[in-house]
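Encoded as structure tokens, the structure appears first; notes follow it.
The numbers here are math on the coordinates, done by the rules we state, and not lab data. Source: prediction; values computed, not measured. In this analysis, Cβ positions are derived from the backbone assuming ideal geometry, glycine residues included, and neighbour counts consider all displayed protein chains.
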Ligand SMILES: C[C@](O)(CO)[C@H](O)COP(=O)(O)OP(=O)(O)OC[C@H]1O[C@@H](n2ccc(N)nc2=O)[C@H](O)[C@@H]1O
Ligand SMILES: Nc1ncnc2c1ncn2[C@@H]1O[C@H](COP(=O)(O)OP(=O)(O)OP(=O)(O)O)[C@@H](O)[C@H]1O
């Protein structure tokens, strides 16, 4: 069995520039991987079948699974006769704004490149990934990056200043399409992406904290007031900066002291089931 780690991402910034004539929005965002990961196991099979195995009953076991779609895309594109059993050990909360399904697809692409001896470059894997979902190319590379276009154009960035990250996910799932659909661009406050990149370049933690921003936040906050409540609690408990990731509903807080991280974690556990303390995973992926 070949095992590949599939880490979650958070959006340090998420700006939307305009609505495109296709069903996408033009975005400009900074994403970074965190050490909360699913584990993907790949085992070759000779019968041509793609089989998804997961103990988590919320993970689809058919062609709706992004890892399945990744394997099918590779089979069809490169006329592969072999099949694969894909085991998904799920740690990343589902429909959380943490790109769990996208990361599973990306890990499957990287793994199949090895299992089926495809010799594709990481750029070619990312291009394939864009056919599955907007977040998949970033997940193929990992690390930290600026993503533009509908999310598929990736420019590597240095690792952000070191800190702890507390994640809290309220008990609701959010549809990304609904959140983009509810966005009204007139009057939105755009994050300053250039300033955030400068803060990352300079490893300036305080400047990074000041430049976080996500234009989708207000849409999700209006739909789900419990997200606002978690944001307020995180601030009250002492996080240096607090933001919703992606289309939500997961909220993350940046903290530069271990003691404060523990206090925030313990304080949030009181009223939120899914709370995690994680670190940034600075490194970019090499091929699996
Ligand atoms: C919110 C983010 O997770 C931030 O990283 C991404 O922008 C969304 O990435 P994703 O979940 O991989 O999104 P996709 O599966 O490609 O698209 C789901 C739906 O979200 C909307 N969508 C997505 C990306 C984008 N740039 N504009 C959009 O309007 C579209 O309605 C699309 O049909
Ligand atoms: N491998 C997978 N793991 C989890 N969910 C999956 C997977 N494949 C498909 N899905 C479906 O995708 C939907 C979104 O789940 P996912 O966890 O990827 O959302 P997300 O983290 O909010 O994504 P993003 O941050 O990219 O918008 C779920 O409703 C789920 O049924």
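Over all Cα atoms in the range 2-157, the spread is summed up by Rg and Dmax: 15.1, 47 Å.
For the range 114-213, taking the reciprocal of the average inverse distance between every pair of different Cα atoms yields a Kirkwood hydrodynamic radius of 16.3 Å. In terms of packing, defined here as the mean over residues of other Cβ atoms within 10 angstrom, the peptides 41-48, 125-132, 197-204 line up highest first as 125-132, 197-204, 41-48. Extending 7 Å from Cα along the Cβ direction at residue 45 and again at residue 76 yields two label points whose distance is 2.0 nm. Here, the range 180-288 is characterised by an Rg to Rh ratio of 0.99, where Rg is the alpha-carbon radius of gyration and Rh the Kirkwood radius. Note on the chain: Cα-only Rg and Dmax are 18.6, 56 Å. Compared with the dominant Cα axis of the chain, that is its longest principal axis, helix 100-115 is turned about 40°. Extension gain, residue 210 to residue 61: 0.36 nm times the residue separation minus the Cα-Cα distance gives 49.5 nm.
One decimal place: the segment residue 172-residue 229 gains 19.2 nm when fully extended, by the rule 0.36 nm per residue minus the C-alpha distance.
Note on residue 202 and residue 121: the model spin-label points, each 7 Å out from Cα along the C-beta direction, lie 3.5 nm apart.
Projection of the Cα convex hull of the range 76-125, averaged over all directions and equal to a quarter of that hull's surface, yields 4.3 nm². The calculated FRET efficiency for residue 188 paired with residue 156, based on their beta-carbon distance and R0 = 25 Å, is about 0.35.
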